[in-house]
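The values are calculated or read from the model by the stated rules, or taken from the named source; none is laboratory data. Model, not experiment: these values are computed from the prediction. All Cβ positions, even for glycine, are placed from backbone atoms using ideal geometry, and neighbour counts span all protein chains on display.
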Amino acid sequence: MAGKIGTIGTSPSMAGAIPFLINSNSISGNGDAGIFVRLQNDSQVGVQITQNSVVNQINGPSPLAAGEGIHFRTEDTSFLWDADIENNFIGIGSNGSAGPNISNGIEFETFGNSRLATHCSTPDSRWSRSSIT
């Protein structure tokens, strides 16, 4: 199955803002993280991660990630205005077989004056920095 990676649209303050799309990929055995989203300086982006299989990630050479399935890192004055993570297999394959990632399933890290959107579409939207295993 060929994966699809979209393009980054305009900033969220402009009409027609389009998030970066990561859709329908099978990701296995990457070093550091299966999907790594890093915002630096004053960057602004939204990300939609849908219908991916992210299994068997390992710790690679980067000190910024350690084998997470999906890792978000915001730095400086960046703004992550959308983070939709829907209908993914993280740590278990679509066939039901185990494929654990060596670290967390999903991890968010924030540094400096970076910001995350104030609403997260999760069953428990009270967290802003969290690790989900």
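Just a few scattered comments:
- Positions within region 26-47 being more than 15 Å from residue 65 (Cβ to Cβ) and buried (at least 20 other Cβ atoms within 10 Å of the Cβ), in sequence order: 45, 46, 47
- Every pair of residues 6+ apart whose Cβ atoms lie under 6 Å, when the first sits in region 62-74 and is closer than 8 Å to residue 103 by Cβ while the second is of a type in the set (Ser, Thr, Tyr) and not in a strand (DSSP E or B): 66/103; 67/103; 68/103
- Region 92-111 residues that are farther than 10 Å from residue 56 by Cβ and among the charged types (D, E, K, R), paired with ones that are part of a loop (DSSP other than H, G, I, E, B) and at pLDDT 90 or above (beta carbon under 9 Å, 6 or more apart): 107/65; 107/66; 109/64; 109/75
- Subset of region 48-74 [crowded, with 24+ Cβ neighbours inside 10 Å and charged (D, E, K, R)]: 68
- Inclusion of residue 27 among residues that are of a type in the set (A, V, I, L, M), in contact with a strand residue (DSSP E or B) (Cβ under 6 Å, 6 or more places away or on another chain), over 16 Å from residue 84 (Cα atoms) and part of a strand (DSSP E or B) is warranted.
- Scanning region 62-80 for residues that are touching a Lys or Arg at 6+ places or on another chain (Cβ under 7 Å) and assigned to a loop (DSSP other than H, G, I, E, B) yields a single hit, 64.
- Total residues in region 67-82, condition closer than 23 Å to residue 31 by Cβ and under 14 Å from the mean Cα position of the chain (by Cα): 8
- Taking every residue in region 29-48 that is at positive phi and pairing it with any residue that is of a type in the set (D, E, K, R), at least 6 positions away or on another chain, the pairs with Cβ-Cβ distances below 9 Å are 32/68; 41/75; 41/76.
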